[in-house]
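Asks: Quick one: this structure, given as structure tokens, is what I'll be asking you about.
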Amino acid sequence: MNPLYAETLFNFLYGKVDGYHISTSSRRHLDPASDKFLYGEIPFKTWHKIVEQINPKEDAVFFDLGSGTGRVVMQSYLAFNFCKSIGVEFIEGLHNKALETKNTFEKIINPQIIKHTNSRELQFIRGDIFAIDLSEADFILLNYPLKGEENFLRLEEKFLQELKPKTKIVTTIRALKNKAFKPCGVKNHDFSWGESTAYLYEVNR
């Protein structure tokens with residue numbers, strides 16, 4: 001699909017979605033442990049640049065771990081030929097907004113573009129990222145959803161146990177440490193919280 005057309009559709013779906021407000025209001029109903037989660041958004045053009053830089057295979061299975069309202073997952077579904085675009089989100093309010101947006105997409109937009117998307121899957125899962133099976137992943141985004149280094153290192157171990165060789169990984173702000181993750185580039189981009197760093201890796205084992 002033409003990137004400009006994909007961006008137009010994306011803006012129709014997300015132009016009035018305030019993820020920061022949803023995140024803040026949703027956490028009021030959670031226990032204090034929810035403070036370990038962070039929220040931030042990747043602009044459409046920034047994510048497009050990152051994907052072009054890391055160059056995942058065209059029919060990749062893509063996971064966004066900590067997918068919020070589903071922005072990056074929806075963009076990936078629209079703008080790239082991934083066979084599956086899957087978002088995993090723990091916070092119920094954010095997950096519900098992703099499902100609501102998906103429903104709008106399926107009712108209004110998808111009938112018009114079905115020839116571009118009929119072989120692709122779009123999925124949103126509410127759950128703990130440590131409990132999700134990632135063995136089918138070809139490409140993963142970790143947009144820094146965890147504050148504590150202990151949890152971040154725990155997630156690295158999960159990656160090493162479950163991901164197949166050559167799986168591509170993008171992290172923001174915090175870099176992966178294990179040498180089994182081959183660096184594929186480091187670049188600053190514009191994010192909703194300001195300029196920040198995207199780290200690109202490939203599983204090398």
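Asks: I want to check the label-to-label distance for Gln123 and Lys107. Put each point 7 Å from Cα in the C-beta direction and report it in nm to one decimal.
Replies: A separation of 2.5 nm, rounded to one decimal place.
Asks: Find how much the distance from Gln53 to Glu157 grows on full extension, using 0.36 nm per residue of separation minus their present alpha carbon separation; answer in nm with one decimal.
Replies: Going from the current span to full extension adds 34.9 nm.
Asks: List the extent of the Cα atoms of region 96-138 along each of their three principal axes, largest first, rounded to whole Å.
Replies: Principal-axis extents of the Cα atoms in region 96-138, largest first: 36, 24, 8 Å.
Asks: Could you list, in their original order, any pairs among Lys57/Lys115; Lys57/Lys182; Lys102/Lys164 whose Cα atoms are separated by more than 19 Å?
Replies: Cα-Cα > 19 Å for Lys57/Lys115; Lys102/Lys164; rest within.
Asks: Once the Cα gyration tensor of region 64-109 is diagonalised, what are the square roots of 5 times its eigenvalues, in whole Å and ordered largest first, as equivalent ellipsoid semi-axes?
Replies: 17, 14, 6
Asks: Still on this structure, please answer the following. Per residue of region 76-90, what does 6.51 cos²θ - 1.76 cosθ + 1.60 with θ = phi - 60° give for ³J(HN,Hα)? Whole Hz please, x for Gly and Pro, Karplus curve as stated.
Replies: In residue order, the calculated couplings are 5, 5, 6, 9, 10, 9, 5, 6, 9, 10, 10, x, 10, 9, 8 Hz.
Asks: Find the percent of Cα-Cα distances in region 102-205 that exceed 17 Å, and round it to a whole number.
Replies: When every Cα pair of region 102-205 is considered, 61 percent fall beyond 17 Å.
Asks: Let's test the formula: R0 of 41 Å, r as the Cβ-Cβ distance of Tyr5 and Trp193. What FRET efficiency results, to the nearest 0.05?
Replies: 0.90
Asks: Please work out the Kirkwood hydrodynamic radius for region 45-146, using every pair of different C-alpha atoms, and report it in angstroms with one decimal place.
Replies: Mean inverse Cα-Cα distance, inverted, gives 13.8 Å.
Asks: Something else: In units of 2.2 N^0.38 Å, what is the alpha-carbon radius of gyration of the chain?
Replies: Its radius of gyration relative to the 2.2 N^0.38 Å reference: 0.97.
Asks: Report the far tail of the P(r) of region 110-159, meaning the percent of Cα-Cα pairs longer than 14 Å.
Replies: Summing the P(r) of region 110-159 above 14 Å gives 67 percent of all pairs.
Asks: Counting DSSP beta bridges with both partners in the chain, what percentage is antiparallel, nearest 5?
Replies: Percent antiparallel among DSSP bridges in the chain is about 45.
Asks: Obtain the nm distance between the two label points defined at Glu100 and His116 by a simple spin-label model: each point lies 7 Å from its Cα along the Cα-to-C-beta direction.
Replies: Going from the Glu100 label point to the His116 one covers 2.5 nm.
All of the numbers you see were taken from the coordinates with simple rules; none came from a lab. From a predicted model like this one, the values you see are computed outputs, not experimental measurements. All Cβ positions, glycine included, derive from the backbone under ideal geometry; neighbour counts span all protein chains shown.
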